[in-house]
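One structure is given below, encoded as structure tokens.
Laboratory data are not the source of any read-out in this text; all were calculated from the coordinates shown. Predicted model, so just to flag it, every value in this text is computed and none were measured. Glycine gets a Cβ as well: all are built from the backbone with ideal geometry, and neighbour counts include every protein chain shown.
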Amino acid sequence: MCRMAAIKAKTPVAPVHLLRMMLAMQKGHDNSGFAMVMQDLGGAFAEFKKFPLLSMAATSAGVERAEKILEDLGFSPKFDYKPDVVNDTSLDFKRMPHYVFRNYRYPEGLNVLHDAPTPEQKKLLLDTRLKLRKALSHENQGYVYSFWPDVLTLKEVGDPRDIGTYFQMWNDDHWLKARVISAQCRQNTNYKIVRYAAHPFFLEGFTLMGNGENTFYQKNKEFQQNLHRAYIGFESDTQCFLYSLHYVCSELGWPLEYYKHVITPLTFEEMRARPDADVLNRVRQSLMHLEINGPNTVVFVLPDNRMGVIADAKKLRPYVIGRDGDMVVSASEVCGVNMVIPNRNTETDLYPGERETVVINNALEVERWQQ
Amino acid sequence: MATIDLKILPTLKTNGAEPKRANGNGRAFAINPTFVRDTHPIDFPWKIEWNADTCIRCGSCVATCTFGSIKPELQKQGATLSIGNSPKPVDSTQVMMAIKQVREPKHFCRGCSMCEKVCPTNSIRPVENDHNRFPLVARAGASPIKRGGRGHHMPIRILDYIKVGRISQMTDPSLDAARHTFDMLTPLGRGLPANELPLKVENGKLVPNGITPPLRWIYPVMIGDMSVGALSWRMWEAIALAVAYLNEECGMPVRMSSGEGGMPSRLLKSEYLKYFIIQIASGHFGWNRIIKAMPEMITDPAGVLIKIGQGAKPGDGGLLPAEKVAPHIQAIRGVPKADLMSPPNHQGLYSIEESVQKMFLSMNAAFKFRVPVAIKVAASSTSVAVFNNLIRDPYHIVGGFFLDGISGGTGAAHEVSLDHTGHPILSKLRDCYLAAVDQGKQGQIPLFVGGGFGDTGDLAADAFKAICLGANGVFSAKIWLQLAGCVGNEKGRCNACNTGHCPVGICTQDPRLVARLDVDAVAQNVVDYFLALDQELKKLMAPIGNSTLPIGRSDALVAMDKEIGERLQVAYAC
């Protein structure tokens with residue numbers, strides 16, 4: 001089972017917390033990678049929150065190719081952070097020659113900055129990321145994870161401890177900080193994974209990670225591949241959860257509560273008893289192929305940086321949310337939460353139920369509702 | 001070389017009576033050429049084996065045989081008797097009653113084994129005759145062979161090459177079939193793409209904002225279309241009873257197609273109509289009564305099924321031989337006693353697009369767009385083209401696509417159609433589902449498949465595999481007849497559904513034969529089977545970790561034949 005950990009804090013925190021949580025949850029021969037998405041950034045990128053930030057790992061040829069594409073599209077570099085790394089060959093992970101974390105200016109005509117990208121800017125950012133991804137897929141020239149304002153992504157295959165060492169992330173005071181961080185350590189099931197298969201995944205402001213096996217992966221995938229040009233890859237069955245979230249909330253514009261209705265519909269018996277049975281029936285019929293059938297826990301971040309947790313309808317994967325006044329810390333196992341906020345009141349810990357949606361808003365208030 | 005002098009044979013010409021064999025007297029080789037030429041039980045697919053020593057001559061077998069295949073006959077028999085304290089053998093003869101198989105092809109034994117079933121001393125049984133010449137003798141009189149029921153000369157059964165091979169082991173837990181909640185319903189009715197659903201957001205909730213096509217959530221295994229007429233009224237009634245019981249008492253929304261033959265008026269006007277899918281086929285039989293009942297209907301039917309063709313005899317319309325058009329069938333269908341041959345096509349339909357506009361729209365309008373209207377076609381090389389066309393139906397009035405494969409059953413058909421026309425169902429099901437996948441339209445027109453599902457008696461496994469390959473559900477028919485006592489099988493036994501002489505009262509309108517059927521017992525068998533099937537479906541869903549139907553989850557299957565796997569896009573395993 002993949003170990004997941006997430007933090008939503010009032011003030012930006014360093015990723016060291018996530019590394020500690022992961023190691024606490026590690027069992028035996030486990031953890032074959034580390035991936036995280038950071039949002040609402042502090043640290044080095046705090047001043048450039050409205051400029052799209054490219055997160056990429058590439059070869060020299062890949063970097064060159066990506067820069068050329070971006071330049072041709074009219075993007076110009078605004079701020080570039082080249083991380084200091086520990087070049088120790090004994091570190092157990094597959095490093096890439098270059099890690100690019102760079103803010104760009106929008107092309108002329110679209111370069112008015114807003115709190116959130118405009119529809120035109122969104123379209124351009126997405127098209128650009130897809131174009132970069134496709135271009136760099138030749139000869140494994142690189143991986144383009146996200147290209148979005150105020151979002152940074154890192155995905156590596158190897159021992160999380162060594163990945164942390166390489167990027168010097170074992171410091172509480174790090175160049176990377178964020179108010180929202182979600183991270184996952186892959187289980188050891190498959191050493192042949194590609195970086196794109198590591199969650200959390202990011203798409204147009206939505207971030208998502210999940211654990212467990214998506215037993216309806218094939219149904220999800222076959223349905224999603226025709227729904228949106230960005231629903232590609234499918235290197236991991238967890239990607240499907242992100243695409244469904246994006247489809248329901250962004251493409252259809254439905255309220256968040258319907259995400260749960262789509263992925264884990266109520267039983268027919270429960271549906272019949274409700275006044276909105278007709279709507280739920282229709283939703284279920286139309287989006288039957290987006291259902292997930294467990295066992296999974298899904299952790300997501302919305303474009304407005306609210307964070308949420310949903311479990312599958314049979315609640316076969318654990319997840320716990322702990323909190324104190326300054327941060328909400330959640331993890332697959334309670335020992336992970338204990339690494340960050342050991343002195344919290346554990347009576348306020350939440351274990352999301354099979355029909356529950358839990359959302360943490362930006363004031364760190366917890367909203368919970370039953371499906 | 002000795003020659004036989006035909007002139008010295010005893011009198012053999014018998015003016016129509018059965019010729020008698022020469023009986024010795026030095027002329028043991030004397031035979032009548034007609035013995036060679038005439039048909040004989042050795043020509044038939046089944047030979048009657050009768051034991052004179054144990055038979056008590058009760059006559060039960062002869063009385064039971066509905067095909068007139070056996071008859072009692074007096075027979076002179078030589079015997080050596082010895083009476084008294086010391087042996088004094090005396091040659092003698094006696095006349096005894098013998099059971100003989102009738103030699104006329106019209107009365108050939110169909111192997112139904114009713115004689116064996118009723119014989120109190122196990123003295124008679126039909127024995128399969130592998131070396132028969134029946135296909136050669138049965139076409140006498142320039143008449144094509146017709147038969148009912150089953151058997152399609154299928155070389156292999158593809159479903160048996162597929163196993164449920166993706167088991168939840170450690171990666172995710174298997175479910176508990178006995179304790180978990182399973183939610184196994186499937187939609188009947190047109191589905192809309194989510195972005196075309198007439199919904200709007202009001203106070204953070206989705207609320208309806210327009211009309212949606214009618215929708216029913218039903219059990220994924222349904223009773224296939226068999227008409228009152230093809231079935232005896234009591235058999236039809238027994239299945240209808242079972243369906244009502246399953247719905248009312250067991251909470252299983254099983255639906256039953258009426259077949260092309262109408263429905264009893266009382267049922268049409270009852271609340272139970274909601275469990276039935278009314279079929280309209282090319283003969284429109286029964287629809288006069290249905291239309292007349294409409295003003296008095298107190299509920300809507302589950303659906304309307306437009307039958308274009310059926311898998312067992314594609315290209316043929318329904319066929320109800322005059323023998324089965326009894327007075328009550330004449331009444332329900334509004335026809336005289338005659339062969340009722342539905343045309344091969346719906347008259348007036350000439351294209352897919354125009355049929356959508358004309359027939360689908362008419363049937364939708366007939367029930368004021370409250371009832372899903374589906375279509376049933378025989379599987380064919382052209383099925384995907386039809387499906388693709390329907391799925392683009394701009395009016396959203398096509399509520400289901402029923403695809404019937406070659407192994408389907410029928411009440412009556414030409415043997416040449418049964419054995420040599422049709423399309424295996426699985427590849428066509430897969431093609432249609434993948435065509436929907438290609439367009440992102442899976443589920444918009446629910447796919448139901450039939451034709452051979454449950455042939456081996458294991459309907460749950462067959463249905464499950466079809467569902468994984470993309471079916472929303474399956475319809476099955478023959479298996480319910482088997483549960484009623486039908487002895488027909490895929491090897492050709494009985495299959496006399498077309499004759500009106502069904503030995504167990506299922507496919508006949510003869511009141512004496514229908515009386516052999518116990519309606520309540522049949523209904524109970526069907527209910528019991530459904531309840532068992534429901535558990536078996538769960539036993540298949542649990543190990544793959546699913547509590548809802550794995551429609552299109554072909555990754556749950558493995559094929560034990562490379563070519564089958566490749567064709568169905570299922571992983572090969574060995």
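Values computed for the structure shown
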item: DSSP bridge orientation in chain B - percent antiparallel, rounded to nearest 5; result: 50 percent
item: Kyte-Doolittle mean at least -1.0, axial Cα span of 15 Å or more - DSSP H helices of chain A; result: A:60-73, A:119-136
item: Rounded if a/c under 1.5, otherwise prolate or oblate - segment A:280-328, Cα gyration tensor axes; result: oblate
item: Restricting segment B:413-494 to trypsin sites (Lys or Arg not before Pro) in coil, as DSSP defines it, with at most 14 other Cβ within 10 Å; result: B:LYS491
item: Semi-axes of the equivalent ellipsoid for the protein assembly as shown, Cα gyration tensor, largest first, Å; result: 72, 30, 25
item: Likely footprinting exposure, A:VAL86, A:VAL334, A:VAL151, B:VAL325, fewest C-beta neighbours within 10 Å first; result: A:VAL86, A:VAL334, B:VAL325, A:VAL151
item: Packing-based exposure ordering (other Cβ within 10 Å, fewest first) of B:ILE298, B:ILE391, B:ILE223, B:ILE544; result: B:ILE298, B:ILE391, B:ILE544, B:ILE223
item: Amide H within-cut-off set for A:VAL100, under 5 Å, with H built and near neighbours excluded; result: A:MET56, A:ALA57, A:ALA58
item: Within a Gaussian network of chain A (alpha carbon springs, distance under 10 Å), most fluctuating of A:ARG306, A:ARG344, A:ARG323; result: A:ARG344
item: Order of A:MET38, B:MET541 - criterion: other Cβ atoms within 10 Å of each residue's Cβ, fewest first; result: B:MET541, A:MET38
item: Electrostatic dipole magnitude of the protein assembly as shown [Cβ: Lys, Arg +1; Asp, Glu -1; Cα centre; debye, to 20]; result: 2840 debye
item: Aspartates and glutamates with Cα under 19 Å of A:LYS314, excluding same-chain neighbours fewer than 8 positions away; result: A:GLU213, A:ASP237, A:GLU257, A:GLU269, A:GLU270, A:GLU291, A:GLU333, A:GLU354, A:GLU356, B:ASP172, B:ASP176, B:ASP183
item: Ratio Rg/Rh, restricted to chain A and using Cα atoms, in which Rh is the Kirkwood radius; result: 0.95
item: Span-like helix ranges in chain B, DSSP H, alpha carbon extent 20 angstrom or more, Kyte mean at least 0.0; result: B:233-248, B:425-439, B:519-541
item: Cβ-based charge dipole, the protein assembly as shown, positive-most Cα from B:HIS40, B:PRO220, A:LEU126; result: B:HIS40
item: Sorted peptide list for B:203-209, A:236-242, criterion being average Cβ within 10 angstrom, highest first; result: A:236-242, B:203-209
